[in-house]
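**Student:** Sharing a structure, written as structure tokens. Questions coming.
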Amino acid sequence: MTDGNGLKWTDLEEMAEEVERLKDEFVDLDQNGDRLENKFKNLNHKLEKIHINIIQVVSIVVSVLALVLGNLFGVLTLPENIEASKLTGYLFVINGITLTGISFLIISIKYLFLDNQKKKKYFLLLILPVILQIIGFIIIKLS
């Protein structure tokens, strides 16, 4: 049987079957594409986490070295015959300054690499070093 254009019904049926087959193939490709995109996103997320973990480990090592070396060089540069109260004050100031640097390191890492967290709470990291410095200056002044 033919329609008015000379096409046979069997041709139309074959075309419809081909369209269905192509549609199914496209859906399969789209699902595979989604799966590949999800895999890519997962791998990218894991890679970002690894980079952040490496940066955190390096910052911990730098912090520990800063505390140890800051105290060591701070104590070595003090005069030999210093009163115990002034020594305590100087240690407070030295540790306060060192902790201020470490706090800025932590805050900058959080601001640069972890944008999704609340940033205001990291500002509180600066309070302890400032308090240590103030106590140190008061102890030195009163001695």
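**Student:** Identify the residue in segment 44-65 that is closer than 23 Å to residue 98 by Cβ and polar (S, T, N, Q) and, among all such residues, is surrounded by the most Cβ atoms within 10 Å (Cβ to Cβ).
**Tutor:** Here the answer is 63.
**Student:** Which of the residues spanning segment 123-143 are part of a helix (DSSP H, G or I) and under 13 Å from residue 89 (Cα atoms)?
**Tutor:** Once the filter is applied, which keeps residues that are part of a helix (DSSP H, G or I) and under 13 Å from residue 89 (Cα atoms), segment 123-143 yields 131, 132, 133, 134, 135, 136, 137, 138, 139, 140, 141, 142.
**Student:** Given the structure, is residue 68 surrounded by 12 or more Cβ atoms within 10 Å (Cβ to Cβ), modelled with pLDDT of 75 or more and in a helix (DSSP H, G or I)?
**Tutor:** No: the conditions fail for residue 68.
The values are calculated or read from the model by the stated rules, or taken from the named source; none is laboratory data. The model shown is predicted, which means the values in this text are computed figures rather than measured ones. Note: ideal-geometry Cβ built from the backbone for every residue, glycine included; neighbour counts use all protein chains shown.
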